[in-house]
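Structure, as structure tokens:
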Amino acid sequence: MAFIALKMRKNIFVVGLALTIFPNLCCSSGNKQVFSESKLIMGTVVQMTVATRTEQEARSAMQEAFAEIERADGLLSSYREGSLIAKLNREGHDHKVPFEKDIFDLMDEAATMSEASGGAFDLTIWPVASLWGFDKGGVLPDKGSLEDAVAKVGYRNLHLDKKNRSVGFHRRGMGVDLGAIAKGWAVDRAMARLAARGIDHAIIDAGGDLRISGSRPGKGFWRIGVQHPREPGVLLLTFDLTDTAIVTSGDYERFFIEGGVRYHHILDPVTGMPATGCQSVTVLAATAAEADAAATAAFVLGPERGISFLRSRPGVRGLIVDADGALHWTDGDLEKMARR
Ligand code: AMP
Ligand code: MG
């Protein structure tokens, strides 16, 4: 499967699967076979591929792993009225909202990324993100509403109470949006489920947020394709990888074009406007949550500051396609690993 492109209305596309897996769907090696399933969750196609001895083992493990991603969606989506984050966004100024440990830790990781990126990634982007409404195709906000929304963004005004494991806002009108980290986090959780079932060769891909464990039976690696940001269905390059996460953020995932200008869903918290320096950012890291958040942060920072930021993080590497289509790499070794 290369990608999906849903034409939602004139000039509006939602394109999933920024990275493409080349799974061994038909073949077995030794006593392991490869099985694959996909589901539409978190507004994207989630594809799982696992290597197991029996089909039954694969199907029941994947069912559990999919349930983990569905749980994450139910809790973390700012758009779902019944979610924990929607509750926080309604009530967080009036009183602190209690969180379960794993979700509190995710909030903490997102707040740490906000600080580390100097606010380029900001988990309190919701007032701005909700105004753009990219979940429904997107609209260009008027200047006054955008200025009001930008004034409400600021991770420093989020109160993470570690002792009571609760979260609140110092300012009225604030809101949390975990859209830039939640898919990666969910993928990590799902992979942990597979690992708990003894599956150590697998790929989980949530629309370009991938976690990879082990390798394709008989091959020694999984081949992963990175989507070309301007040519739907065409791969920019491929990597042969084992045991890593690889995540791409791109301006082609959710966007609309108006007056010849592309407006997309990765927003600069300072201006409230789509960030302009990059077409896509691909990040490799130990966890998909970190790769996801770091890719969004680097996208907002732009090619030069983005590469420095990625280099500053231990175990993180990546590449940036800038606004002119030129490639920037964190290191020559990664560049050598890429096949074009
Ligand atoms: P990603 O596709 O991982 O780069 O995440 C993009 C999503 O994260 C958007 O749809 C918004 O929900 C949210 N988002 C947009 N801009 C930012 C930002 N600067 N910091 C944090 N989250 C953001
Ligand atoms: Mg992200």
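The values are calculated or read from the model by the stated rules, or taken from the named source; none is laboratory data. The structure presented is a predicted model; accordingly, all values stated were derived computationally and were not measured. As a convention, Cβ positions derive from the backbone with ideal geometry for all residues, glycine included, and neighbour counts pool all protein chains shown. Heavy atoms of the whole protein, side chains included, go into the accessibility calculation; ligands, DNA and RNA do not. Shrake-Rupley method; radii C 1.70, N 1.55, O 1.52, S 1.80 Å.
Would you mind telling me which numbered condition in (1) under 23 Å from residue 46 (Cβ atoms); (2) open to solvent by 10 Å² or more (accessible area, probe 1.4 Å); (3) part of a helix (DSSP H, G or I) residue 294 fails?
(2)
When you scan segment 240-275, how many residues do you find that are within 21 Å of residue 337 (Cα to Cα) and of a type in the set (D, E, K, R)?
Here the count works out to 2.
Restricting attention to segment 223-243, does a residue exist that is on the phi > 0 side of the Ramachandran plot and modelled with pLDDT under 95?
Yes.
Between a first residue in segment 278-297 that is without any contact (Cβ under 8 Å) to a residue 40 or more places away in the chain and a second residue that is open to solvent by 10 Å² or more (accessible area, probe 1.4 Å) and of a type in the set (A, V, I, L, M), which pairs have beta carbons less than 7 Å apart while being 6 or more apart in sequence or on different chains?
Once the first residue is without any contact (Cβ under 8 Å) to a residue 40 or more places away in the chain and sits in segment 278-297, its partners that are open to solvent by 10 Å² or more (accessible area, probe 1.4 Å) and of a type in the set (A, V, I, L, M) give 283/316.
Check residue 54 against each of (1) crowded, with 18+ Cβ neighbours inside 10 Å; (2) on the phi < 0 side of the Ramachandran plot and name the one condition it does not meet.
(1)
Which of the residues that make up segment 293-315 are polar (S, T, N, Q), within 12 Å of ligand 1 (Cβ to nearest atom) and more than 9 Å from residue 249 (Cβ to Cβ)?
The initial filter retains those residues of segment 293-315 that are polar (S, T, N, Q), namely 296, 308, 312.
Filter once more, keeping what is within 12 Å of ligand 1 (Cβ to nearest atom): 296.
Answer for segment 293-315, where residues must be polar (S, T, N, Q), within 12 Å of ligand 1 (Cβ to nearest atom) and more than 9 Å from residue 249 (Cβ to Cβ): there is none.
Looking only at segment 250-272, which residues are within 16 Å of ligand 2 (Cβ to nearest atom) and over 22 Å from residue 227 (Cβ atoms)?
Pass one, segment 250-272, residues within 16 Å of ligand 2 (Cβ to nearest atom): 250-255, 264-269.
Selection gives 268, 269.
When residues of segment 234-254 are filtered for being farther than 23 Å from residue 185 by Cα and open to solvent by 30 Å² or more (accessible area, probe 1.4 Å), how many remain? Give the steps one after another, and end with the answer.
Of segment 234-254, the ones farther than 23 Å from residue 185 by Cα are 234-238.
Going one step further and asking which of them are open to solvent by 30 Å² or more (accessible area, probe 1.4 Å), we end up with 234-236.
Number satisfying all stated conditions: 3.
Counting only residues that are open to solvent by 20 Å² or more (accessible area, probe 1.4 Å), near ligand 1 (Cβ under 8 Å from one of its atoms) and under 15 Å from residue 138 (Cα atoms), how many does segment 255-291 have?
Count: 1.
Looking at the structure I just gave you, is residue 339 under 29 Å from residue 189 (Cβ atoms), away from ligand 1 (no atom under 16 Å from the Cβ) and either of a type in the set (Lys, Arg) or crowded, with 22+ Cβ neighbours inside 10 Å (or both)? Spell out the reasoning first.
Numbers: under 29 Å from residue 189 (Cβ atoms): no; away from ligand 1 (no atom under 16 Å from the Cβ): yes; either of a type in the set (Lys, Arg) or crowded, with 22+ Cβ neighbours inside 10 Å (or both): yes.
When the stated conditions are applied, residue 339 does not pass them.
So residue 144 passes all but one of these: (1) small (Gly, Ala, Ser); (2) open to solvent by less than 20 Å² (accessible area, probe 1.4 Å); (3) not in a loop (DSSP other than H, G, I, E, B). Which condition number does it fail?
Single failed check for residue 144: (2).
If you go through segment 183-220, how many residues are over 20 Å from residue 58 (Cβ atoms) and free of Cβ contacts under 8 Å to residues at least 60 places away in the same chain?
The total comes to 1.
Consider segment 300-329. How many of its residues are open to solvent by 30 Å² or more (accessible area, probe 1.4 Å) and part of a loop (DSSP other than H, G, I, E, B)?
Residues flagged as open to solvent by 30 Å² or more (accessible area, probe 1.4 Å) and part of a loop (DSSP other than H, G, I, E, B) within segment 300-329 amount to 8.
Out of the residues in segment 167-209 that are of a type outside the set (A, V, I, L, M, F, W, C) and under 17 Å from residue 78 (Cα atoms), state the one that is surrounded by the most Cβ atoms within 10 Å (Cβ to Cβ). Give the derivation first.
First, pick out the residues of segment 167-209 that are of a type outside the set (A, V, I, L, M, F, W, C): 168, 170-173, 175, 177, 179, 183-184, 188-189, 193, 197-198, 200-201, 205, 207-209.
Checking the rest, the ones that are also under 17 Å from residue 78 (Cα atoms) come to 168, 172-173, 175, 177, 179, 183-184.
Numbers: 168: 18, 172: 9, 173: 14, 175: 25, 177: 25, 179: 25, 183: 27, 184: 29.
Checked segment 167-209; the qualifying residue surrounded by the most Cβ atoms within 10 Å (Cβ to Cβ) is 184.
Could you tell me whether segment 196-206 includes any residue that is in a helix (DSSP H, G or I) and within 16 Å of residue 103 (Cβ to Cβ)? Spell out the reasoning first.
If we filter segment 196-206 for residues that are in a helix (DSSP H, G or I), which is where we start, we get 196.
Imposing the further condition that a residue be within 16 Å of residue 103 (Cβ to Cβ) reduces the set to none.
Within segment 196-206, not a single residue is in a helix (DSSP H, G or I) and within 16 Å of residue 103 (Cβ to Cβ).
Conditions first: (1) farther than 22 Å from residue 39 by Cα; (2) within 16 Å of the chain's Cα centre (by Cα). Residue 218 passes all but one, so which condition is the exception?
Of the numbered conditions (1) farther than 22 Å from residue 39 by Cα; (2) within 16 Å of the chain's Cα centre (by Cα), the odd one out for residue 218 is (2).
Residues that are within 16 Å of ligand 2 (Cβ to nearest atom) and in contact with a Lys or Arg (Cβ under 9 Å, 6 or more places away or on another chain): which helices (runs of 4 or more DSSP H) entirely in segment 21-128 hold 2 or more of them?
Numbers: elements: 55-76, 84-91, 101-116.
Helices (runs of 4 or more DSSP H) meeting the threshold: 55-76, 101-116.
Just need a number here: residues in segment 151-176 that are under 24 Å from residue 268 (Cβ atoms) and not aliphatic (A, V, I, L, M).
Selection size over segment 151-176: 11.
Against the definition (small (Gly, Ala, Ser), over 18 Å from residue 270 (Cβ atoms) and within 11 Å of ligand 1 (Cβ to nearest atom)), how does residue 138 come out, yes or no? Before the answer, list the steps.
On the way: small (Gly, Ala, Ser): yes; over 18 Å from residue 270 (Cβ atoms): yes; within 11 Å of ligand 1 (Cβ to nearest atom): yes.
For residue 138, the condition - small (Gly, Ala, Ser), over 18 Å from residue 270 (Cβ atoms) and within 11 Å of ligand 1 (Cβ to nearest atom) - is met.
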